[in-house]
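Below is one structure; the comments refer to it alone.
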Amino acid sequence: MKSFEISSEQASGVPLTIRPASAEDAGRVAAILAECFHPVEGLVGFLQPWIQASLKGELANRLRTPPAFYNCLIATVDEQLVGTIEVAMRGLPQPWWMPGFGMRDRLAYVSNLAVSNAFRRKGVARSLLIEVEHLVRRWNQATVNLHVMEHNQGALRLYRSLGYRLERSEQEWPLFGPRKLLLEKRLGS
Ligand SMILES: CC(C)(COP(=O)(O)OP(=O)(O)OC[C@H]1O[C@@H](n2cnc3c(N)ncnc32)[C@H](O)[C@@H]1OP(=O)(O)O)[C@@H](O)C(=O)NCCC(=O)NCCS
């Protein structure tokens, strides 16, 4: 199920447009995801072009033949793509080392929320998340879930400010390593 509504709003003085992505947007969406999640720094920074190409391919496939109850939204400012988010009805991703842990049925799950560096702290992510809530309500779901790394304090603050609450804390790796938090927001009517 795909929404084709377009919303425009003023986010902190920025004229923002939010619309569903199409397959033609895959390259630009992949560029933002690579910038935000795989920056060209550190030991494996040189891999970024390959990661970006792979992300583009995966996204183009998803956007060409979107599954039911899936959407990728993009935020643009003057036609420039500045942010993206995906939401789908799906099973909860499990820690790889504990298959079946806390298995749940399909739920509305948010992933790949990313805003270009140059457009941060202008309310872009907040607007994307609010748009996702509208979509999820149209899917007749009462909750939205997402994961965030415990050390991602900026994102955590954003989610808390929108009413997300901690559902549980998960260990990425057995016994050590960073913790991943499963958050949930109950949508009012
Ligand atoms: C996290 C991210 C999506 C936030 O995007 P954004 O458009 O800058 O967020 P918003 O402007 O909508 O932020 C709204 C509120 O969230 C909080 N917030 C967002 N980023 C923050 C940060 N880096 N530090 C502290 N608070 C932050 C603030 O309360 C902010 O309101 P304020 O600016 O009035 O103080 C962006 O920093 C990003 O793409 N990060 C890399 C990818 C990532 O971590 N994605 C989330 C994965 S779970």
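The values are calculated or read from the model by the stated rules, or taken from the named source; none is laboratory data. Keep in mind it's a predicted model, so treat the numbers as computed, not measured. Every residue, glycine as well, gets a Cβ built from its backbone with ideal geometry; the counts of neighbours run over all protein chains shown. Surface accessibility is based on the protein's heavy atoms, side chains included, excluding ligands, DNA and RNA. Shrake-Rupley method; radii C 1.70, N 1.55, O 1.52, S 1.80 Å.
Couple of notes before you dig in:
- Restricting attention to the range 92-108, the residues that are at pLDDT 70 or above and open to solvent by less than 60 Å² (accessible area, probe 1.4 Å) add up to 6.
- Test for THR76: is it within 19 Å of the chain's Cα centre (by Cα), among the polar types (S, T, N, Q) and open to solvent by 30 Å² or more (accessible area, probe 1.4 Å): no
- Filter result for the condition that a residue is of a type in the set (Ser, Thr, Tyr) and within 9 Å of the ligand (Cβ to nearest atom), over SER127, SER169: SER127
- Test: residue in the range 162-173 that is of a type outside the set (Asp, Glu), open to solvent by 70 Å² or more (accessible area, probe 1.4 Å) and modelled with pLDDT of 95 or more: yes
- Subset of the range 34-45 that is modelled with pLDDT under 90 and either away from the ligand (no atom under 14 Å from the Cβ) or surrounded by 12 or more Cβ atoms within 10 Å (Cβ to Cβ) (or both) - its residue that is farthest from the chain's Cα centre (by Cα): LEU43
- ALA118 falls short on exactly one of the conditions (1) within 16 Å of the ligand (Cβ to nearest atom); (2) outside any helix (DSSP H, G or I); (3) open to solvent by 70 Å² or more (accessible area, probe 1.4 Å), and that condition is (2).
- Considering the range 46-71, the residues that are among the aromatic types (Phe, Trp, Tyr) and open to solvent by less than 90 Å² (accessible area, probe 1.4 Å) include one that is farthest from CYS36 (Cα to Cα), namely PHE69.
- Only residues that are more than 20 Å from GLU133 (Cβ to Cβ) and touching a helix residue (DSSP H, G or I) at 6+ places or on another chain (Cβ under 9 Å) were counted across the range 147-165, and they come to 2.
- For the range 135-162, filtering for residues that are more than 8 Å from the ligand (Cβ to nearest atom), without any contact (Cβ under 8 Å) to a residue 60 or more places away in the chain and within 15 Å of TYR70 (Cα to Cα) leaves 6.
- SER111 passes every criterion in (1) touching a His at 6+ places or on another chain (Cβ under 9 Å); (2) at pLDDT below 95 apart from (2).
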